[in-house]
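All remarks here apply to the structure that follows.
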Amino acid sequence: MPIVATRLFDLAYLQYSIAPDFPMFSFRKDNEWVQVSNTQFIEQINETSKGLIALGVQPGEKVALISENRIEWNILDFAIQQIGAVVVAIYPNISTLDYTYIFNHAEIRKCIVSSKTLYTKILTIQDNCPQLNAIYSLDKEDGLNHWHDFVSKGEIITDETLNQLRDGIKTDTLASIIYTSGTTGNPKGVMLSHKNLLADTLSSEYSFPVERGDRALSFLPVCHAYERVFQYVYMYKGLTIFFAQSMDTIGEDFKSVKPHIFSAVPRVLEKVYEKIMATGEQLTGVKRKLFFWSLSVGEQYKLEGRTWWYDFQLNIARKLVFSKWREALGGDIKGIASGSAALQERLIRLYMAAGIPIYEGYGLTEAGPCIAVNCYKRGMKIGTVGLPLINIEIKLANDGEILTKGENNMIGYYKNPEATAEAIKDGWLYTGDIGQWVDGKFLKIIDRKKEMFKTSGGKYIVPQ
């Protein structure tokens, strides 16, 4: 009988209870895709948890995790969580000044990094971080403490000790602190509980047209809440998560993995389009005319109200030109989640015309992060960020600011009650974004509140 997930790491045990031998992850090694089954994932999580206990990591302690996307990140994420410690997921490319601030603010004692480069970088700030007493590397290099050094020490820890700690984790337990970089001042630490992140995972999963056994490709930074929650969604749905080798090899990875879904930011989709356009520009004669005719057909794409004549032309364009767009993404794509910024409407229409659904959404780290999305199941409107997710409320304040309420909303900002009180009032999270309703139900982002000014007549004006 499948378990009910009430804490994030329960997602691993859920999939283990359903399909122990199914591959949850796959990564490239020596030019081959290596699979990690649900059973293997659980074993590695538990071994790592025992190692952390042996290392002296205590419930409530903050552990820094600085790495690119790789299987070890996910192992450590759950291994840290299930002993009651807190994952402080940090970007691998921020300044030493920001690392120093975050380490001291979160009172980091243990830090795990991916590479020698990051290890050396953190060493340079150790004297300025009095609490920091241990750094470990995921890569095995001479002269570095390797993470298996502490994992191997976990052999002395009993299953009973681990089980007692795991059983003590409640849904309201703090799971992670994610530091958001503001335009001014120091980063703020967003505190997210198991309930916050799991609620957002369960609110999001319904919207995406994937099923058990499908393939997801991951390349956006998992330290960001956006990609992190998508990985939790993939776990919940029973997908295999393939880690892209790098952004330089993403085209090869699309063709090799043939993903059914992936999450992206607009710039990634713009680059795919630019590459296709560059190919089109090289064409001559009839092929060139067909290419640009197909683009003109695609630019007119509508979700509803298409004529039979338009659909006839669209089918021709899909067979002759747009089918190659799908092939460039592997050929099996069911949908792309796009977020973090607005994607040009023209590009959305072109992708949709090519038979590549774009699920544009909206969110912020403080909301765990996703709060709205376009999807076929519940409704789509090009030019908007869609409908509020299931179990998430959205309303607009008098000045148009987007407010949201739900179990996904953060606990608050770490060590910053003033900023927390400003952001959350009566259970509503104030996003700082200005929105409007389209057709009474689709949310459209207009601007940032801080870019508004108030006239002498009390009216808010948004500079265009």
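Read the figures in this text as sums done on the coordinates, not as results from a lab. It should be emphasised that the depicted structure is a prediction, and the values quoted were computed from it without experimental measurement. Cβ placement follows ideal geometry from the backbone for every residue including glycine, while neighbour counts extend to all protein chains displayed.
For Glu360, the conditions (1) surrounded by fewer than 19 Cβ atoms within 10 Å (Cβ to Cβ); (2) acidic (Asp, Glu); (3) not in a helix (DSSP H, G or I) all hold with the exception of (1). Within segment 108-118, the presence of a residue that is crowded, with 19+ Cβ neighbours inside 10 Å and in contact (Cβ under 8 Å) with a residue 60 or more places away in the chain is excluded. In summary, Gly143 fulfils each of the numbered conditions (1) among the small types (Gly, Ala, Ser); (2) free of Cβ contacts under 8 Å to residues at least 12 places away in the same chain; (3) buried (at least 19 other Cβ atoms within 10 Å of the Cβ) with the single exception of condition (3). Among the residues of segment 47-97, the ones that are closer than 24 Å to Leu123 by Cα and among the basic types (Lys, Arg) come to 2 in all.
For every residue, the table says whether it meets (1) over 29 Å from Asn186 (Cβ atoms); (2) of a type in the set (S, T, N, Q).
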| site | (1), (2) |
| --- | --- |
| Phe25 | yes, no |
| Asp30 | yes, no |
| Leu55 | no, no |
| Gln58 | no, yes |
| Gly84 | no, no |
| Ile94 | no, no |
| Asp98 | no, no |
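In segment 34-56, the residue that is nearest to Ile177 (Cα to Cα) out of those that are without any contact (Cβ under 8 Å) to a residue 12 or more places away in the chain and part of a helix (DSSP H, G or I) is Glu43. For segment 57-107, the set of residues classified as in a loop (DSSP other than H, G, I, E, B), in contact (Cβ under 8 Å) with a residue 60 or more places away in the chain and within 20 Å of the chain's Cα centre (by Cα) consists of Ser67, Glu68, Asn69, Arg70, Tyr91, Pro92, Ile94, listed by residue number. Taken over segment 287-341, the residue count meeting the criterion of being farther than 17 Å from Tyr273 by Cα, part of a loop (DSSP other than H, G, I, E, B), among the hydroxyl-bearing types (Ser, Thr, Tyr) and over 28 Å from the mean Cα position of the chain (by Cα) is 1. Can you find a residue that is in a helix (DSSP H, G or I), farther than 23 Å from Glu72 by Cβ and in contact with a Ser or Thr (Cβ under 6 Å, 6 or more places away or on another chain) anywhere in segment 127-137? There is at least one residue in segment 127-137 that is in a helix (DSSP H, G or I), farther than 23 Å from Glu72 by Cβ and in contact with a Ser or Thr (Cβ under 6 Å, 6 or more places away or on another chain). Taken over segment 204-230, the criterion of being part of a loop (DSSP other than H, G, I, E, B), among the small types (Gly, Ala, Ser) and within 25 Å of Arg28 (Cβ to Cβ) is satisfied by Gly213 alone.
Within segment 371-396, being in contact with a helix residue (DSSP H, G or I) (Cβ under 9 Å, 6 or more places away or on another chain), more than 18 Å from Lys334 (Cβ to Cβ) and either surrounded by 24 or more Cβ atoms within 10 Å (Cβ to Cβ) or among the small types (Gly, Ala, Ser) (or both) holds for Ile371, Gly383, Leu389.
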